[in-house]
Amino acid sequence: MMNMMNMMNKNTLLAVLLTLTAAGASANNNKVEIGKAAVEKCVACHGANFNETLDSSYPKLAGQHKDYLIQALKAYQRGVKGTAGRNNAIMAGQVQDLSNEQIEAIATYLNSLPTTLVVKK
């Protein structure tokens, strides 16, 4: 009897985990789509695939770490007014009106792209 209850509990736990995983994947896909729509204006400088920029001083964004992108975009929003801000008039103008949700969606999308960035160990 106890083995049967343990098996039922394991099956229930597995079903819950699979449901949560599917829900998480769906939410992530939604963020990717929102982010993709939000970066249309960014291709002018960062390139159509976000790996080949207009100018070599502009960063490649494809495959960049999501947390880094979030912090960078928020730093551009703060500009020189806040601590740890970034001073760039073009970027400040592009990100000023973005919500936290939009920033996270942009970061999720850019992180999902194939990259030419090289990680050295």
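Can you spot a residue in the range 29-51 that is modelled with pLDDT under 85 and closer than 16 Å to residue 107 by Cβ? Checking the range 29-51: at least one residue is modelled with pLDDT under 85 and closer than 16 Å to residue 107 by Cβ. For the range 71-88, the set of residues classified as under 19 Å from residue 47 (Cα atoms) and aliphatic (A, V, I, L, M) consists of 72, 73, listed by residue number. Scanning the range 58-115 for residues that are under 15 Å from residue 31 (Cα atoms) and among the hydrophobic types (A, V, I, L, M, F, W, C) returns 69, 70, 98, 103, 105, 106, 107, 110, 113. Pairs are defined by a Cβ separation below 8 Å, a sequence spacing of at least 6 or placement on different chains, a first member in the range 43-55 that is farther than 14 Å from residue 113 by Cβ, and a second member that is part of a loop (DSSP other than H, G, I, E, B); the pairs so defined are 44/54; 45/53; 45/54; 45/55; 45/58; 54/47.
The values are calculated or read from the model by the stated rules, or taken from the named source; none is laboratory data. Source: prediction; values computed, not measured. Cβ coordinates were reconstructed from backbone atoms using ideal geometry, including for glycine residues, and neighbour counts include every protein chain displayed.
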